[in-house]
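**Q** Quick one: the structure is below, and I'll ask about it shortly.
Each value in this text was obtained by applying a stated rule to the coordinates, not by laboratory testing. None of the values given here were measured: they were computed from a predicted structure. Every residue, glycine among them, receives a Cβ derived from its backbone with ideal geometry; neighbour counts consider all protein chains shown.
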Amino acid sequence: MITIVNFNSGNAKSIENMLRKIGVKSIITTDRSAIEKATKIILPGVGSFDNAIRELKKIQILPLLNKKVLDEATPTLGICLGLQLFCKSSEEGREAGLSWIDAECRRFKFPPDSKLKIPCMGWNHIKFQKENPLFKGLEAPRFYFVHAYHVVCTNAGNSIATAEYGYEYTVAMQQDNIYGVQFHPEKSHKYGMQLLKNFSEICT
């Protein structure tokens, strides 16, 4: 059973629906006992960095998440803002991030004459930086993106996939049991289905 942490994120239900399509059971919850029993965790996210951190504090599950993810090494996937919350900080706000991975979030910055719009929105191909079980069976994949900020890893080895939008930037990162993607697999059709299937099978 995959536990999707519910902190008023707009895409939690879409993730649950996509998992159902591929035959994977999941629940959306903030219930402490359910999170305690989780064998895998998804941290979704649509919204702002500070609001998300404040909501996690409000529902008082940050110590439990730290225990599950850092101490018990529960496989965990962050999606879009969920990925960004793994970082130490974000230029979007003032709250400290979860600091599960040594990285920070920065806003896209382009020259004044650039025709690129912020947020980055639409489909884009990604480039694998290394083999990873999250990408099993994916060939020339493209995913759907909606974001104005992107992660910058202190340790380049944590970056497992990149994309181009004005410049090359990290769109997926991993450290041990912690995985994160900037794009939305729940909106990315067959590619997203395969990625979520891969995550469901990690450490199974």
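Conditions (1) closer than 22 Å to Thr39 by Cα; (2) among the acidic types (Asp, Glu); (3) in contact with a Pro (Cβ under 7 Å, 6 or more places away or on another chain), marked per residue:
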residue: Arg54; (1), (2), (3): no, no, no
residue: Thr74; (1), (2), (3): yes, no, no
residue: Cys80; (1), (2), (3): yes, no, no
residue: Leu85; (1), (2), (3): yes, no, no
residue: Glu91; (1), (2), (3): no, yes, no
residue: Ala96; (1), (2), (3): no, no, no
residue: Trp100; (1), (2), (3): yes, no, no
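**Q** Test Thr154 against the criterion of being under 21 Å from Ser114 (Cα atoms) and either polar (S, T, N, Q) or surrounded by 23 or more Cβ atoms within 10 Å (Cβ to Cβ) (or both), and give yes or no. Even if it seems obvious, please write down each step before you answer.
**A** On the way: under 21 Å from Ser114 (Cα atoms): no; either polar (S, T, N, Q) or surrounded by 23 or more Cβ atoms within 10 Å (Cβ to Cβ) (or both): yes.
Against the criterion (under 21 Å from Ser114 (Cα atoms) and either polar (S, T, N, Q) or surrounded by 23 or more Cβ atoms within 10 Å (Cβ to Cβ) (or both)), Thr154 does not qualify.
**Q** Quick one: in region 126-180, of everything that is small (Gly, Ala, Ser) and in a loop (DSSP other than H, G, I, E, B), which residue is nearest to Gly97 (Cα to Cα)?
**A** Step one: list which residues in region 126-180 are small (Gly, Ala, Ser), which gives 137, 140, 148, 156-157, 159, 161, 163, 166, 172, 180.
The next check asks that each one be in a loop (DSSP other than H, G, I, E, B); those that pass are 137, 140, 148, 166.
On the way: Gly137: 32, Ala140: 32, Ala148: 17, Gly166: 26 Å.
That would be Ala148.
**Q** Looking at region 16-125, what strands (runs of 3 or more DSSP E) fall wholly within it and have at least 2 residues that are of a type in the set (A, V, I, L, M, F, W, C) and surrounded by 18 or more Cβ atoms within 10 Å (Cβ to Cβ)?
**A** On the way: elements: 26-29, 40-43, 76-79, 103-107, 120-125.
So the answer is 40-43, 76-79, 103-107.
**Q** Is there a residue being farther than 21 Å from Gly47 by Cα and either of a type in the set (A, V, I, L, M) or surrounded by 17 or more Cβ atoms within 10 Å (Cβ to Cβ) (or both) anywhere in region 180-190?
**A** First pass over region 180-190, keeping only residues farther than 21 Å from Gly47 by Cα: 189-190.
Keeping just the survivors that are either of a type in the set (A, V, I, L, M) or surrounded by 17 or more Cβ atoms within 10 Å (Cβ to Cβ) (or both) gives none.
No, there is no match, as no residue in region 180-190 is farther than 21 Å from Gly47 by Cα and either of a type in the set (A, V, I, L, M) or surrounded by 17 or more Cβ atoms within 10 Å (Cβ to Cβ) (or both).
**Q** With the condition kept exactly as written, say whether any residue in region 180-199 is of a type in the set (A, V, I, L, M) and touching a Cys at 6+ places or on another chain (Cβ under 7 Å). I'd like the intermediate steps shown before the answer.
**A** Our first condition is that a residue be of a type in the set (A, V, I, L, M); within region 180-199, this holds for 181, 193, 195-196.
After this cut, where a residue has to be touching a Cys at 6+ places or on another chain (Cβ under 7 Å) as well, the list is none.
The answer is no; no qualifying residue exists.
**Q** Hey, another quick one. Kindly list the number of the only condition in (1) more than 24 Å from Asn177 (Cβ to Cβ); (2) free of Cβ contacts under 8 Å to residues at least 40 places away in the same chain that fails for Gly23.
**A** Tallying (1) more than 24 Å from Asn177 (Cβ to Cβ); (2) free of Cβ contacts under 8 Å to residues at least 40 places away in the same chain, Gly23 fails exactly one: (1).
**Q** I've got another one for you. Have a look at Tyr149, Tyr144 and point out the one that is touching a residue at least 24 places away in the same chain (Cβ under 8 Å), under 19 Å from Leu196 (Cα atoms) and either hydroxyl-bearing (Ser, Thr, Tyr) or touching a Lys or Arg at 6+ places or on another chain (Cβ under 8 Å) (or both). Let's see the steps before the verdict.
**A** Details: Tyr149 fails: under 19 Å from Leu196 (Cα atoms).
So the residue among Tyr149, Tyr144 that is touching a residue at least 24 places away in the same chain (Cβ under 8 Å), under 19 Å from Leu196 (Cα atoms) and either hydroxyl-bearing (Ser, Thr, Tyr) or touching a Lys or Arg at 6+ places or on another chain (Cβ under 8 Å) (or both) is Tyr144.
**Q** Still on this structure: Look at region 155-192 and say how many of its residues are acidic (Asp, Glu) and closer than 16 Å to Arg107 by Cα. Steps first, answer last, please.
**A** Kept after step one, since they are acidic (Asp, Glu), are these residues of region 155-192: 164, 168, 176, 186.
Checking which are closer than 16 Å to Arg107 by Cα leaves us with 164, 168.
Total meeting the criteria: 2.
**Q** Given the options Ala172, Ala148, name the one that is surrounded by 18 or more Cβ atoms within 10 Å (Cβ to Cβ) and within 15 Å of the chain's Cα centre (by Cα).
**A** Numbers: Ala148 fails: surrounded by 18 or more Cβ atoms within 10 Å (Cβ to Cβ).
One residue alone meets the criteria, Ala172.
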